[in-house]
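I have placed the structure first, in the form of structure tokens, so that the comments after it can refer back to it.
The values are calculated or read from the model by the stated rules, or taken from the named source; none is laboratory data. Computed from a prediction, not measured in an experiment: that's the story for all the values here. No Cβ is skipped: glycine too gets one built from the backbone with ideal geometry, and neighbour counts run over all protein chains shown. Accessible surface is based on the protein model in full, side chains and every heavy atom, while ligands, DNA and RNA are left aside. Shrake-Rupley method; radii C 1.70, N 1.55, O 1.52, S 1.80 Å.
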2 protein chains.
Amino acid sequence: MSQCALKIDKLPSVRRLPAYLHLLRELSGKGEQFVSSPYLAEKMHIEAILVRKDLELARINGTPRVGYCIADLIKGIEDFLGWGETLDAFLVGVGQLGASILGNRELMNFGLKIVAAFDVNPRKVGATVHGVPVFDSARLEELLSRLQVSIAILCVPAAEAQQVTDVLVASGVKGIWNFTSENLAVPEDVITQKEDLASGLAVLSVKLTRNKPPTH
Amino acid sequence: MSQCALKIDKLPSVRRLPAYLHLLRELSGKGEQFVSSPYLAEKMHIEAILVRKDLELARINGTPRVGYCIADLIKGIEDFLGWGETLDAFLVGVGQLGASILGNRELMNFGLKIVAAFDVNPRKVGATVHGVPVFDSARLEELLSRLQVSIAILCVPAAEAQQVTDVLVASGVKGIWNFTSENLAVPEDVITQKEDLASGLAVLSVKLTRNKPPTH
DNA sequence: AGTAATTTGATAAAATTTTATCTATAAAAA
DNA sequence: TTTTTATAGATAAAATTTTATCAAATTACT
């Protein structure tokens, strides 16, 4: 087995890393130097041992009775996620959702900088939404190749999702953050990440019904 | 072990159910009667056996060589999720994100009906956003007890999240769909579901970096 | 009618994720 | 200084989730 083939999945852990990062930055802002796994566990509502397992990804050593150095942890997590230097991204589809993503100041803290947005609506083209210029979707291909952007945020209506995706892929986009309800078809070397509001609601619904007193 | 204590977790499966529902409704709309696990698997980019495992939750029997009855599946999934009859919900915080959630027509298909929104901004109070009236946040407690709403969608700034949560909990809210970056503290009998944009981005980032050719 | 092909569903295995246990270590307290 | 306490980290166990295997069932084909 080659040194490159080591599987570093741990997707559930990866999913929790941004929450740690958020907490750690908050603590850092308050001037804290160290943090312990029990502290983080309490905040995150998980077990301390799980926190330690998660933080193994950051490859930072803590010290007994003291905890982890917050600055090191932040750096370690950022490095693991590749959020050291921010990546440029395009956003396609400046509807309600697209606009709210453009307005999300926090994204910049997450390794992503949206440098341009695209829409088919002529009344939106030319405008600037939260500091991001909106271009005509017809220029997507042109600007993609010009700016060498490899990440796209997809917020178009479901009916157009696959078609836009095909353009993105053809222009060399390697990662698509998919906010549509479509299951996109892409080549093997393109990564898609689908965000699905409903899945969270499903979890909430199930937990709520399980929480109710039985009705028999 | 009592008959009520049987653990019906399978959270990953639960998370996928809405995606099945979406596909099934689409097929149903096209007049299809039956669907097979290999078909759904291809659409969802997962294995057929996993589809069958997931669909066990709906407690619907398929027939060999034919598949599952789409109408039955839809009903079974809706019932499992408690999405048979829609629940009323309040939305608190009509910012960009809140407004985009109010505008999400699909939510109604997911067992949730937002009957009122709340904001502290006097310029928003009194308005109607996507058909939902916006009230002053000061009236949250009053209207919660009056309308007996048990689900809240939290879209306020992080700094106010816990404070608003305390009001919600005090007024009998049992489920909070949390779109803030705060880890809310709530009593044991209150369910919170935190939506975290960044976690999806983390997965995308990690997969992208793992996808790259090694640099040594 | 008989055969082949496809799909479900049951059972089992494998993989992943979470939790538990224990030792070593560093700091605080006695 | 010695003892106590809290925490990290290693190892192991348990729980969960995904994948595999195979028999039974049903349809389509010969």
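Overview of values
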{"read-out": "Calculated over the protein assembly as shown: convex hull of Cα atoms, volume per residue (Å³)", "value": "192 Å³"}
{"read-out": "Charge context of B:THR165, other residues only, Cβ under 12 angstrom, K/R +1, D/E -1", "value": "-2"}
{"read-out": "Cα gyration tensor category, rounded, prolate or oblate, for the range A:87-198 with a/c compared to 1.5", "value": "rounded"}
{"read-out": "Percent antiparallel among DSSP beta bridges (both partners in the range B:87-198, rounded to 5)", "value": "10 percent"}
{"read-out": "Zone of A:ARG105's modelled label, taken as backbone nitrogen in the range B:169-183 under 15 Å from a point 7 Å along Cα→Cβ", "value": "B:181"}
{"read-out": "Kirkwood Rh (inverse of mean 1/r, distinct Cα pairs), chain B, angstrom", "value": "19.8 Å"}
{"read-out": "In Hz, Karplus ³J(HN,Hα) per residue of the range A:64-79 (6.51, -1.76, 1.60; θ = phi - 60°; x = Gly, Pro)", "value": "x, 6, 10, x, 9, 6, 4, 4, 4, 4, 4, 4, x, 5, 4, 4"}
{"read-out": "Assigned charges on the beta-carbon of Lys, Arg, Asp, Glu; the protein assembly as shown dipole about Cα centre (debye)", "value": "480 debye"}
{"read-out": "Accessible surface of the range B:11-81, 1.4 Å probe, proportion on carbon and sulfur as whole %", "value": "51 percent"}
{"read-out": "Closest-to-axis residue of chain B (Cβ criterion, axis taking B to A), whole Å", "value": "B:SER100, 2"}
{"read-out": "Local electrostatic count, A:LEU143, Cβ distance below 14 Å [Lys/Arg +1, Asp/Glu -1]", "value": "-3"}
{"read-out": "Cleavage-rule hits, GluC sites (Glu not before Pro), the range B:156-213, DSSP coil, Cβ neighbours within 10 Å at most 15", "value": "B:GLU188"}
{"read-out": "Gyration tensor verdict on the range B:11-81 (Cα atoms; rounded if a/c is under 1.5, prolate if a/b is larger than b/c, oblate otherwise)", "value": "rounded"}
{"read-out": "Part-to-part distance (alpha-carbon centres) for the range A:48-119 and the range A:156-191, which is given in Å", "value": "23 Å"}
{"read-out": "Cα gyration tensor category, rounded, prolate or oblate, for the range B:122-175 with a/c compared to 1.5", "value": "oblate"}
{"read-out": "Options B:CYS155, B:HIS45, A:PHE135, ranked by Cα towards positive dipole end of the protein assembly as shown, top entry (Cβ charges)", "value": "B:HIS45"}
{"read-out": "Sum of side-chain charges, A:LEU184 neighbourhood, beta-carbon under 10 Å (Lys, Arg +1; Asp, Glu -1)", "value": "-1"}
{"read-out": "Unit charges at the beta carbon, dipole of chain A: most positive-side option, A:ALA117, A:LEU24, A:VAL169", "value": "A:LEU24"}
{"read-out": "Heavy-atom SASA rank of A:HIS45, B:HIS22 (probe 1.4 Å, accessible area, largest first)", "value": "A:HIS45, B:HIS22"}
{"read-out": "A/B buried area, accessible surface, summed, 1.4 Å probe, Å²", "value": "5100 Å²"}
{"read-out": "Neighbour cut-off at most 11 other Cβ (10 Å), DSSP loop, trypsin sites (Lys or Arg not before Pro), the range B:77-140", "value": "B:ARG123"}
{"read-out": "Rel. contact order, % - alpha carbon contacts under 8 angstrom, at least six apart, the range A:54-137", "value": "23 percent"}
{"read-out": "Check: the range A:87-198 dipole with +1 on Lys, Arg Cβ and -1 on Asp, Glu Cβ, in debye", "value": "400 debye"}
{"read-out": "Cut-off 11 Å, label 7 Å out along Cα→Cβ of B:PHE34, residues of the range B:61-102 by amide N", "value": "B:62-70"}
{"read-out": "Relative contact order (%) - criterion: Cα under 8 Å, at least six apart; region: chain A", "value": "12 percent"}
{"read-out": "Entries in A:LYS75/B:LYS207; A:LYS124/B:LYS124; A:LYS10/A:LYS113; A:LYS30/A:LYS113; B:LYS10/B:LYS194; A:LYS194/B:LYS194 that, when Cα-Cα distance is taken, lie over 21 Å", "value": "A:LYS124/B:LYS124; A:LYS10/A:LYS113; A:LYS30/A:LYS113"}
{"read-out": "At least 40 Å² accessible surface lost relative to isolated chain, residues of the range B:159-201 (1.4 Å probe)", "value": "B:TRP177, B:SER181, B:ASN183, B:ILE191, B:GLN193, B:LEU197, B:ALA198, B:SER199, B:GLY200, B:LEU201"}
{"read-out": "Antiparallel content of DSSP bridges confined to chain A, in %, to 5", "value": "20 percent"}
{"read-out": "Per residue accessible area of the range A:87-198, 1.4 Å probe, in Å²", "value": "44 Å²"}
{"read-out": "Copies compared at A:ASN61 - label distances in nm, ascending, label defined 7 Å from Cα in the Cβ direction", "value": "6.1"}
{"read-out": "In the range A:28-127, GluC sites (Glu not before Pro) in a DSSP loop with at most 11 other beta-carbon atoms within 10 Å", "value": "A:GLU85"}
{"read-out": "Dipole axis of the range A:87-198 (+1 Lys, Arg; -1 Asp, Glu on Cβ), positive-most option in A:GLY126, A:LEU197, A:LEU184", "value": "A:GLY126"}
{"read-out": "Cβ charges +1 (Lys, Arg) and -1 (Asp, Glu), total dipole of the range A:45-84, debye", "value": "140 debye"}
{"read-out": "Area accessible to solvent at B:LYS43, 1.4 Å probe radius, in Å²", "value": "80 Å²"}
{"read-out": "Accessible solvent surface per residue of the range A:11-81, calculated while the other protein chains remain in place, 1.4 angstrom probe, Å²", "value": "55 Å²"}
